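The values are calculated or read from the model by the stated rules, or taken from the named source; none is laboratory data. This one's a predicted model, so the numbers in the text were calculated from it and none came from an experiment. As a convention, Cβ positions derive from the backbone with ideal geometry for all residues, glycine included, and neighbour counts pool all protein chains shown. Surface areas here come from the heavy atoms of the whole protein model, side chains and all, with no ligands, DNA or RNA. Shrake-Rupley method; radii C 1.70, N 1.55, O 1.52, S 1.80 Å.
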Amino acid sequence: AILSSTFGQGNGGTVILQAAELISFSGFNKSGLGSYLELSVSEQSNGGNAGSIWIETRDLLTDGAQIFTPTFGPGNAGNVTISATGTVMIKGADNLGWSSAISSASNPKFIEDKDGSLIPTMGGFGGNVTIKAQKLILQEGGIIAASSIAPEGLQSNHAGQISIKAGSIEISGVNPYGENEDGFGSGIYARSKGVDNNAGNAGEIFIETNSLTMTDGGIISSSTNNQAQGGNVDIQVNDALRIRGNSSKIIVQEPTEAQLEYQAGFGDYTPSHSIS
């Protein structure tokens, strides 16, 4: 893992990765958590903002791993900027059910007091995700997301936006363990997910590509399940656009930590398959 977080009033630092050939995040620790690059705001912080991520490479792979800048507390999330001259591939999920992802979110968490009681926090603003690549591949549950997520008793703020420019984009398959707070199908998500009126507006999605293919449950989606606004989706495809199929033939394994946490936090959870 590479981690840069703020637990107080000060801001987190910036992380810059540069490679001539490949940057790869893969593998799991003993508990099943995937590798990650995280710049975050802790739920225990009191005003500090997260830093931003800058990546320049030929190819980037996240296999069951996350590159993300969430805010779990009152400070604002950081931005993620990726420039790849070759392929960006985001695939799979870790053994705890968390999607492989490049994302930023306003996603507040409870603080546990000394007596075991839970203290709610308010989330700051989500950050932006910007990706330029020759080829972008999302498969087996891999996602790109800018979200505002708040379970009952918490309050999130507005999400940032997603901007993608790629020669080609291929999106296919679903998370092998089922739906979690990030989504189910592989895809690009701008979500406002809350209970009643406790979430901020979803992010916006801007995509420019020569060809776009979505199969076997792959998704591009902006959604809201509450009184906050969904985001705009603006897609420019210069050549071929192909959308077909669903995930009905994909066997989903038993839900694990990420899925069970999602089911506990949101009463409207219903198991379903993903339609492209």
> From the square roots a ≥ b ≥ c of the eigenvalues of the alpha-carbon gyration tensor of the range 7-67, which class results: rounded (a/c under 1.5), prolate (a/b over b/c), or oblate?
Replying inline: oblate
> Running Debye on the range 176-260 with equal point scatterers at the Cα sites and no solvent, what base-10 log of I(q)/I(0) appears at q = 0.15, 0.21, 0.26 Å⁻¹?
Replying inline: -0.69, -1.07, -1.19
> Once phi is turned into θ = phi - 60°, what whole-Hz ³J(HN,Hα) does the Karplus curve with 6.51, -1.76 and 1.60 give for every residue of the range 204-212, x standing for Gly and Pro?
Replying inline: 10, 10, 10, 10, 10, 8, 7, 9, 9
> Given 0.36 nm per residue, what is the gain on full extension from residue 29 to residue 111 after removing their alpha carbon distance, in nm?
Replying inline: 27.0 nm
>> Within 12 Å, Cβ to Cβ, of residue 153, how many net charges do the neighbouring residues add up to if Lys/Arg are +1 and Asp/Glu are -1?
In response: -1
> Accessible surface of residue 36 in the full protein assembly, 1.4 angstrom probe, to the nearest 10 Å²?
Replying inline: 50
>> More than 18 angstrom separation, counting every C-alpha pair in the range 103-228; what % is that?
In response: 54
>> Lysine pairs in the chain with Cα distance under 21 Å, only those 8 or more apart or on different chains: how many are there?
In response: 8
> Largest first, what is the accessible-area ranking of 30, 109 with a 1.4 Å probe?
Replying inline: 30, 109
>> Over the chain, with a Gaussian network built from C-alpha contacts below 10 Å, which listed residue (143, 220, 23) shows the highest mean-square fluctuation?
In response: 23
>> Please compute the Kirkwood hydrodynamic radius over the chain, one decimal place, Å, based on all pairs of different Cα atoms.
In response: 18.3
> What is the packing order of peptides 83-94, 115-126, taking the mean over residues of other C-beta atoms within 10 Å and listing the highest first?
Replying inline: 83-94, 115-126
> Could you work out Rg/(2.2 N^0.38 Å) for the range 53-147, with Rg from alpha carbons only?
Replying inline: 1.24
> Rounded to the nearest 10 Å², what accessible area does residue 110 show when all protein chains are kept and the probe is 1.4 Å?
Replying inline: 80
> To the nearest 10 square angstrom, what accessible area does residue 233 show with a 1.4 Å probe?
Replying inline: 70
> Per residue Cα convex hull volume for the range 31-107, in cubic angstrom?
Replying inline: 76
> Under a Cβ-Cβ cut-off of 9 Å, what is the net charge of the residues other than residue 92 that fall near it, where Lys and Arg count +1 and Asp and Glu count -1?
Replying inline: -2
> For the range 1-119, what relative contact order do you get, as a whole percent, if you take Cα pairs closer than 8 Å and at least 6 residues apart?
Replying inline: 26
> If you bin the C-alpha pair distances of the range 124-173 every 5 Å from 0, what whole percents do you get?
Replying inline: 5, 17, 20, 20, 16, 12, 7, 2, 0
> Tally Lys/Arg at +1 and Asp/Glu at -1 over every other residue whose Cβ is under 15 Å from the Cβ of residue 118; what's the total?
Replying inline: -4
